[in-house]
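Visitor: A single structure is presented below for examination.
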Protein chains: 6
Amino acid sequence: MERPSGRQASQMRKVEFLTDVSKHAEGSCLIKFGDTHVLCLATVEAKVPGWMKNSGRGWVTAEYGMIPRSTSERMDREAARGKQSGRTQEIQRLIGRSLRSVVNLEAMGEHQIRVDCDVIQADGGTRTAAITGGFVALHQAFSHMMTTGMIQTMPINDSVSAISCGIWSRESVLDLDYEEDSSADTDANFVITGKGQLVEIQCTAEKDPFTEEQFMELLNLAKSGCKELSNLQGRALKI
Amino acid sequence: MERPSGRQASQMRKVEFLTDVSKHAEGSCLIKFGDTHVLCLATVEAKVPGWMKNSGRGWVTAEYGMIPRSTSERMDREAARGKQSGRTQEIQRLIGRSLRSVVNLEAMGEHQIRVDCDVIQADGGTRTAAITGGFVALHQAFSHMMTTGMIQTMPINDSVSAISCGIWSRESVLDLDYEEDSSADTDANFVITGKGQLVEIQCTAEKDPFTEEQFMELLNLAKSGCKELSNLQGRALKI
Amino acid sequence: MERPSGRQASQMRKVEFLTDVSKHAEGSCLIKFGDTHVLCLATVEAKVPGWMKNSGRGWVTAEYGMIPRSTSERMDREAARGKQSGRTQEIQRLIGRSLRSVVNLEAMGEHQIRVDCDVIQADGGTRTAAITGGFVALHQAFSHMMTTGMIQTMPINDSVSAISCGIWSRESVLDLDYEEDSSADTDANFVITGKGQLVEIQCTAEKDPFTEEQFMELLNLAKSGCKELSNLQGRALKI
Amino acid sequence: MERPSGRQASQMRKVEFLTDVSKHAEGSCLIKFGDTHVLCLATVEAKVPGWMKNSGRGWVTAEYGMIPRSTSERMDREAARGKQSGRTQEIQRLIGRSLRSVVNLEAMGEHQIRVDCDVIQADGGTRTAAITGGFVALHQAFSHMMTTGMIQTMPINDSVSAISCGIWSRESVLDLDYEEDSSADTDANFVITGKGQLVEIQCTAEKDPFTEEQFMELLNLAKSGCKELSNLQGRALKI
Amino acid sequence: MERPSGRQASQMRKVEFLTDVSKHAEGSCLIKFGDTHVLCLATVEAKVPGWMKNSGRGWVTAEYGMIPRSTSERMDREAARGKQSGRTQEIQRLIGRSLRSVVNLEAMGEHQIRVDCDVIQADGGTRTAAITGGFVALHQAFSHMMTTGMIQTMPINDSVSAISCGIWSRESVLDLDYEEDSSADTDANFVITGKGQLVEIQCTAEKDPFTEEQFMELLNLAKSGCKELSNLQGRALKI
Amino acid sequence: MERPSGRQASQMRKVEFLTDVSKHAEGSCLIKFGDTHVLCLATVEAKVPGWMKNSGRGWVTAEYGMIPRSTSERMDREAARGKQSGRTQEIQRLIGRSLRSVVNLEAMGEHQIRVDCDVIQADGGTRTAAITGGFVALHQAFSHMMTTGMIQTMPINDSVSAISCGIWSRESVLDLDYEEDSSADTDANFVITGKGQLVEIQCTAEKDPFTEEQFMELLNLAKSGCKELSNLQGRALKI
């Protein structure tokens, strides 16, 4: 069965990393996975959260938001509703955890980097795009800290990227767009380092349960996808 | 390296299901995984959420809470803080999704079942205990609906249970207690049906990333654990 | 007219104090007044609220909550609604005030004890049960502080318990259960010390006003009820 | 020992009822107990709360607030803090309950009266002043409803007023002002009808417990105080 | 076309300043513009907001509220709704800004004055009344600071008042009351100092846009109105 | 004195309108005033707010937000803080009012258009950019409604744009950037239609008051600026 976009099962959408897109932020990346566009801006702060004071360690955290009409149907503005949805909180916790997995917090000193991931336009896969683009912004922020003498060595010890997969029309496919995502049987997100190690696996049966074999197909698709993303990250960062 | 509890790597804690523990609820189960005690109470409602009206389908949802001193260090009461944490929302979304995966919503009619999972005492693994005990309370609530003539056939088409695994002291172990959980390298939760199909996989590197081999070990531990839980559920429900 | 439970007008429900019911809390008591079950857990903290710093005195406070399906009709979860009801706040203020009435705050040093009273199952009289069981948990917490050397002398100078009374079917009765409570003309709560002194009286006409004679009948019932509760507290605490 | 104000133990402050003080409200009364000034405005609404629809009955409710500098030390504005304190909620529940005790809700038809009690200046006894002045505003609102033909008969079957008493310097005194209130051993509020029946008793030991004898002294003071208030209410309403 | 009140186009309502109306506040003024009554109470605090600490400068701020039945139709109580409306926030920002425009913050030392403006009765023009009366309360608070030796010189270097104007029935009129305000084409507020300088202009087309000529008419009306208000302020303050 | 940007006193920054920048929205415009970039997305809804039902009229409203690192110093995310600031609410009310001033609400039928203005990068003048770009998005949304047959005639009867002016270094200048804005003596925003009529004037003394002459200079600058903006809007919309 043909995918709505005409892509092959193992084919990602066109991915672009636009860097240096902010006049203000210490690191910035507008990442595009097809029609999904996420603006990732990293902010360096000279202090850590209260519970980390005098620990000698730094912290990396993330926040996530969608502008109301980034989606096909306009969503309520979370600031107006007065609280972030469970989904938003779940996603920003995932982004933060994923980015920290490749950072040596001791080597950061008592600084904090906040990575704001704001979805400008959504077409499926916003959380994985945020992790992938967020890494680029984070890396730039650390470079800025080195340039300005805040730290001496790069606290990043591997790259990290993420991709979604799913079982759509009984077939395992890579990088679901919104149309596929909303009708997929199983939806999975994988966070994988540049060296190929696993950071996070989230695989959810949306309708019927899935089998171990199906899961392994998804894992294999994700590994090849993240390998490609890791290369693109390196090119964007010129490293 | 020996586990703090002295258990074998593949050994679960003692699991107990106490049923009919509520004067009021249509389904009730106090589940104990060692010192983790979760009270699961199912409430049948004769109406569905607004967005489902006139759909002819029912809904199953879950809420999760911890009493403040269920934990070693007292936590703030969420009702007093005025909002549920991201963790709470993430967990209750997971419980609801897991329970719905084995329910035929069409067969429920326009009814809703809410499963409240309140942690009375915590020692690791509260979310997996909540899913496992919540299923028992849910099944009882459906039996109640059949007895009272609200539905004619049981809308449950498989059982579902959940278990945590993790990499602790470089070894893959089943059913982490709090002491292990707080020092584990990798922490995973698996939701698996009675027939052995997968519903949800969440596997997170807390410190270093993990390998595919390690992940497969965790998956195998979880499959054997959930098989045992499924048997215990059947015995508790006398089915 | 016979009471729904068949009890005599001056007869309390069966009252049980289960102590040492928590792996974590410094004091714990699951109190049962018939089908009303309240879990009271006391937490010792090595600091006082900001406004008491450097006062040399300690503080005792209480929080109250009901799990959603503790009642016949499920209530909304207060954490999900984002605020505590007026009723909840009124009750937790009453519990804290009542417990402090028998504590010498100067003798506590700058420590705080929080007593969490969570209603597991409700059948009328949850606030009076919380005070009565909360005292037991509080006493245990102070014993823990003495054992661990945080204080030298017991800061408690009397016991305290509470009971409800009411005018039901034109008769004054002790210890209303839910069925009586919801149809009573007048509803009263009394907080009385072990030595028989009065700490708090709250008496409310739910329908018609009441006379001074009726009030005196309620007060006398409460005095005999609290005397019995005081004895049971002593036995539970082995003092 | 002499009272700070030089009053006799059984002497109330000067009490004034200013009526018709609002251009807009259907009933209005600015009540003054010495330096305590509470503006009570009653609003008639042609509908009842959702849970009362089609019950054929009406509802009376109250809200309470203090302007920030009504007190000696400025308090935070509750609207700015984003929530009403427990004290505020407790008070407005008491006012509403007290006013409803003398109203025949069936005779109101499906209308609601809201009585807003806003403290313009505080010097102790604001809640009892609010009940006493609120009754006058409520009575006027019902008169307005009769005049405009919304109802045919007056739904009020008795008057209601309230007064505080307390044990100050070991003596039972009537109508505490702020200076006495903040140093009293025991603080009590009584709500009593014009015919002398009891509606609500709240008596709280602020420091040491109190005896039954002391309580009876307070009750007797309150009865004489409310008798006088009832006369003043009648004069204000010209009934 | 005649104005509803029968006033001339350039005629203000009767304006009264009642001072020393609070037992507690350091400055107080109940200002009346016809049926619009605003109670302005100034509170002196011996500290500044956190962000101004160690700046050597003081701060003047304002809060605004309406009691619920100050208006023709009762409004919800903001404290009960849990947040201040956009309108309330806009108004209190305007009042604070206007008052600060005539204060030498350096000359205040590190003190803060809060001016609470509570609308007791509303009939149009509450924000301009609040500025005009708030200035009087503020001036008194500074006098109090001088008397008590907190400051040596008066930090106020000019007076400030405010007035509304509008285009009503195609005519430019001064000092709109509620009936005019709700049907005006253009609504303007002017804040002007005693020396005739401009502090704030807000002019809004409610229906059709307005011309520069019309705007100039409004400005001229406002200048004459504020001149009169400035004289009345001087008389109220006896300066 | 030279402006930081080297611009002439009457010279605007380079203004660009990028249209059709959204896959989803019915109208879209990314407006750039130099380094100030605001994404304006218009959403057509087939229903009006509750209070307008059955009025036969439509409604246009606006929401405003800033992504956290749009500014030089990162701001807190309003969704995380749980409420919109007074400034945000003030701005979105201004945008909505300005857009409605050129719309015939009767001609819209019972539809609502929401214009979301999200600041991607800020360098002063975000609210005036939002109005100016928001008009373009709104016009496109109405064109979409005509194309799809929702309405027959264009409900817009004039264009509307906005510009800031201010007194900087004692000189009146057009279109303040952030550096000027933060040190200006007087700050003004003007909303003017394509035909040159005035919709809103807001002029605020940030430090010293201003004179009528100064105000007139600002008004004249604004009129010329809005004339230019109106031309650019026409070109962007090809009308």
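Visitor: Output the qualifying pairs, or none if there are none: Cβ atoms under 8 angstrom, residues six or more apart or on different chains, first residue in the range F:14-31 and without any contact (Cβ under 8 Å) to a residue 40 or more places away in the chain, second residue buried (at least 23 other Cβ atoms within 10 Å of the Cβ) and charged (D, E, K, R).
Guide: F:Ser22/A:Arg69; F:Lys23/A:Asp123; F:His24/A:Arg69
Visitor: While we're here: Examine the range B:12-24 for a residue that is within 26 Å of B:Met150 (Cβ to Cβ), of a type in the set (A, V, I, L, M, F, W, C), over 14 Å from the mean Cα position of the chain (by Cα) and modelled with pLDDT of 95 or more, and state whether such a residue exists.
Guide: Yes.
Visitor: If E:Leu218 passes every condition in (1) outside any strand (DSSP E or B); (2) open to solvent by 10 Å² or more (accessible area, probe 1.4 Å) but one, which one does it miss?
Guide: If we test E:Leu218 against (1) outside any strand (DSSP E or B); (2) open to solvent by 10 Å² or more (accessible area, probe 1.4 Å), just (2) comes out false.
Visitor: Quick check, is F:Gly234 touching a Leu at 6+ places or on another chain (Cβ under 6 Å), in a helix (DSSP H, G or I) and not charged (D, E, K, R)?
Guide: No.
Visitor: Looking for something basic (Lys, Arg), surrounded by fewer than 20 Cβ atoms within 10 Å (Cβ to Cβ) and facing another protein chain (nearest Cβ under 10 Å) - is there at least one such residue anywhere in the range C:107-120?
Guide: no
Visitor: Of all residues in the range F:83-94, count the ones that are open to solvent by less than 40 Å² (accessible area, probe 1.4 Å) and either under 16 Å from A:Glu63 (Cβ atoms) or part of a helix (DSSP H, G or I) (or both).
Guide: Number of matching residues: 7.
Visitor: Would you mention how many residues in the range C:1-33 are open to solvent by 40 Å² or more (accessible area, probe 1.4 Å), in a loop (DSSP other than H, G, I, E, B) and of a type outside the set (A, V, I, L, M, F, W, C)?
Guide: Residues in the range C:1-33 being open to solvent by 40 Å² or more (accessible area, probe 1.4 Å), in a loop (DSSP other than H, G, I, E, B) and of a type outside the set (A, V, I, L, M, F, W, C): 10 in total.
Visitor: Could you run through the range D:107-124 and say how many residues are farther than 13 Å from D:Glu63 by Cβ and not in a loop (DSSP other than H, G, I, E, B)? First the steps, then the outcome.
Guide: Here is the first cut: in the range D:107-124, the residues farther than 13 Å from D:Glu63 by Cβ are D:107-111, D:120-124.
Imposing the further condition that a residue be not in a loop (DSSP other than H, G, I, E, B) reduces the set to D:107-108, D:120-121.
Summing the residues that are farther than 13 Å from D:Glu63 by Cβ and not in a loop (DSSP other than H, G, I, E, B) in the range D:107-124 gives 4.
Visitor: Just one of the numbered conditions (1) surrounded by 20 or more Cβ atoms within 10 Å (Cβ to Cβ); (2) farther than 28 Å from F:Glu26 by Cα is not true of A:Thr36; which one?
Guide: Going through (1) surrounded by 20 or more Cβ atoms within 10 Å (Cβ to Cβ); (2) farther than 28 Å from F:Glu26 by Cα one by one, A:Thr36 breaks only (2).
Visitor: Among residues belonging to the range D:147-182 that are polar (S, T, N, Q) and outside any strand (DSSP E or B), point out the one that is nearest to D:Gly225 (Cα to Cα).
Guide: D:Ser159
Visitor: Moving on to the next point. Has the range D:51-58 got at least one residue that is in a helix (DSSP H, G or I) and either within 30 Å of E:Gly34 (Cβ to Cβ) or of a type in the set (A, V, I, L, M) (or both)? Working first, answer last.
Guide: Step one: of the range D:51-58, the residues in a helix (DSSP H, G or I) are D:51-52.
Subsequent filtering for residues that are either within 30 Å of E:Gly34 (Cβ to Cβ) or of a type in the set (A, V, I, L, M) (or both) retains D:52.
Checking the range D:51-58: at least one residue is in a helix (DSSP H, G or I) and either within 30 Å of E:Gly34 (Cβ to Cβ) or of a type in the set (A, V, I, L, M) (or both).
Visitor: Exactly one condition in (1) open to solvent by 10 Å² or more (accessible area, probe 1.4 Å); (2) at pLDDT 95 or above is false for E:Asp208; which is it?
Guide: (2)
One line per residue, one yes/no per condition, for (1) more than 19 Å from E:Asp208 (Cα to Cα); (2) in contact (Cβ under 8 Å) with a residue 12 or more places away in the chain; (3) hydrophobic (A, V, I, L, M, F, W, C):
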site	(1), (2), (3)
F:Leu176	yes, yes, yes
F:Phe190	no, yes, yes
F:Leu198	no, no, yes
F:Gln202	no, yes, no
F:Glu206	yes, yes, no
F:Glu213	yes, no, no
F:Leu218	yes, yes, yes
F:Gly225	yes, yes, no
F:Gly234	yes, yes, no
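Visitor: I'd like to verify a number: residues in the range B:39-72 that are within 19 Å of B:Gln121 (Cβ to Cβ), more than 12 Å from the chain's Cα centre (by Cα) and either of a type in the set (A, V, I, L, M, F, W, C) or buried (at least 20 other Cβ atoms within 10 Å of the Cβ) (or both), how many?
Guide: 7
Visitor: Give just the number: which of (1) of a type in the set (A, V, I, L, M); (2) in a loop (DSSP other than H, G, I, E, B); (3) open to solvent by 30 Å² or more (accessible area, probe 1.4 Å) does F:Ala80 not satisfy?
Guide: (2)
Visitor: In addition: Could you check how many residues of the range B:160-169 are under 12 Å from the mean Cα position of the chain (by Cα) and within 12 Å of another protein chain (Cβ to nearest Cβ)?
Guide: Total meeting the criteria: 1.
Visitor: Residues D:Arg97, D:Arg127: which one is within 14 Å of chain C (Cβ to nearest Cβ), farther than 25 Å from E:Asp118 by Cα, outside any strand (DSSP E or B) and in contact (Cβ under 8 Å) with a residue 40 or more places away in the chain?
Guide: Unique residue meeting the criteria: D:Arg97.
Visitor: Residues being more than 28 Å from E:Ile156 (Cα to Cα) and either open to solvent by less than 10 Å² (accessible area, probe 1.4 Å) or within 8 Å of chain E (Cβ to nearest Cβ) (or both): count how many of those fall in the range F:196-205.
Guide: Residues meeting the conditions: 4.
Visitor: If you don't mind, another one. Based on this model, can you work out whether D:Ile192 counts as surrounded by fewer than 23 Cβ atoms within 10 Å (Cβ to Cβ) and among the hydrophobic types (A, V, I, L, M, F, W, C)?
Guide: Criteria not met by D:Ile192.
Visitor: Now for a separate question. Considering the range B:77-94 alone, what residues qualify as being away from chain A (no Cβ under 13 Å) and out of contact with any helix residue (DSSP H, G or I) (no Cβ under 7 Å at 6 or more places or on another chain)?
Guide: B:Ala80
Visitor: Which of the residues belonging to the range D:170-195 are within 11 Å of chain C (Cβ to nearest Cβ) and in contact with a Ser or Thr (Cβ under 6 Å, 6 or more places away or on another chain)?
Guide: D:Asp187, D:Asn189, D:Val191, D:Gly194 - these are the residues of the range D:170-195 that are within 11 Å of chain C (Cβ to nearest Cβ) and in contact with a Ser or Thr (Cβ under 6 Å, 6 or more places away or on another chain).
Visitor: Additional query: I'm trying to understand the selection: among the residues of the range C:183-199, which are touching a Lys or Arg at 6+ places or on another chain (Cβ under 7 Å) and in a strand (DSSP E or B)?
Guide: Of everything in the range C:183-199, those that are touching a Lys or Arg at 6+ places or on another chain (Cβ under 7 Å) and in a strand (DSSP E or B) turn out to be C:Asn189, C:Ile192.
Visitor: Report yes if C:Gln152 is free of Cβ contacts under 8 Å to residues at least 24 places away in the same chain, within 14 Å of chain D (Cβ to nearest Cβ) and out of contact with any His (no Cβ under 8 Å at 6 or more places or on another chain), otherwise no.
Guide: Against the criterion (free of Cβ contacts under 8 Å to residues at least 24 places away in the same chain, within 14 Å of chain D (Cβ to nearest Cβ) and out of contact with any His (no Cβ under 8 Å at 6 or more places or on another chain)), C:Gln152 does not qualify.
Visitor: Something else about it: Out of curiosity, is E:Ala137 closer than 30 Å to E:Asn104 by Cα, more than 14 Å from chain F (Cβ to nearest Cβ) and crowded, with 24+ Cβ neighbours inside 10 Å?
Guide: For E:Ala137, the condition - closer than 30 Å to E:Asn104 by Cα, more than 14 Å from chain F (Cβ to nearest Cβ) and crowded, with 24+ Cβ neighbours inside 10 Å - is met.
Visitor: Which condition breaks for D:Thr19 when tested against (1) under 28 Å from D:Glu106 (Cα atoms); (2) within 13 Å of chain E (Cβ to nearest Cβ)?
Guide: Exception for D:Thr19: condition (2).
Visitor: A further question on this structure: List, please: which pairs have Cβ atoms under 7 Å, are six or more places apart or on different chains, and start with a residue in the range C:108-122 that is in contact (Cβ under 8 Å) with a residue 40 or more places away in the chain and end with one that is outside any strand (DSSP E or B) and polar (S, T, N, Q)?
Guide: Filtered contacts from the range C:108-122: C:Val119/C:Ser70; C:Val119/C:Thr126; C:Ile120/C:Ser70; C:Gln121/B:Ser22; C:Gln121/C:Ser70; C:Ala122/C:Ser70; C:Ala122/C:Thr71.
Visitor: Taking the stated definitions as given, is A:Glu213 surrounded by fewer than 19 Cβ atoms within 10 Å (Cβ to Cβ), within 26 Å of B:Phe190 (Cα to Cα) and within 13 Å of chain B (Cβ to nearest Cβ)? Give the derivation first.
Guide: Values: surrounded by fewer than 19 Cβ atoms within 10 Å (Cβ to Cβ): yes; within 26 Å of B:Phe190 (Cα to Cα): yes; within 13 Å of chain B (Cβ to nearest Cβ): yes.
In short, yes.
The values are calculated or read from the model by the stated rules, or taken from the named source; none is laboratory data. This is a predicted model, so every value here is computed, not measured. We place every Cβ from the backbone using ideal geometry, glycine too, and count neighbours over all the protein chains shown. Calculation scope for accessible area: heavy atoms of the full protein, side chains included, ligands and nucleic acids excluded. Shrake-Rupley method; radii C 1.70, N 1.55, O 1.52, S 1.80 Å.
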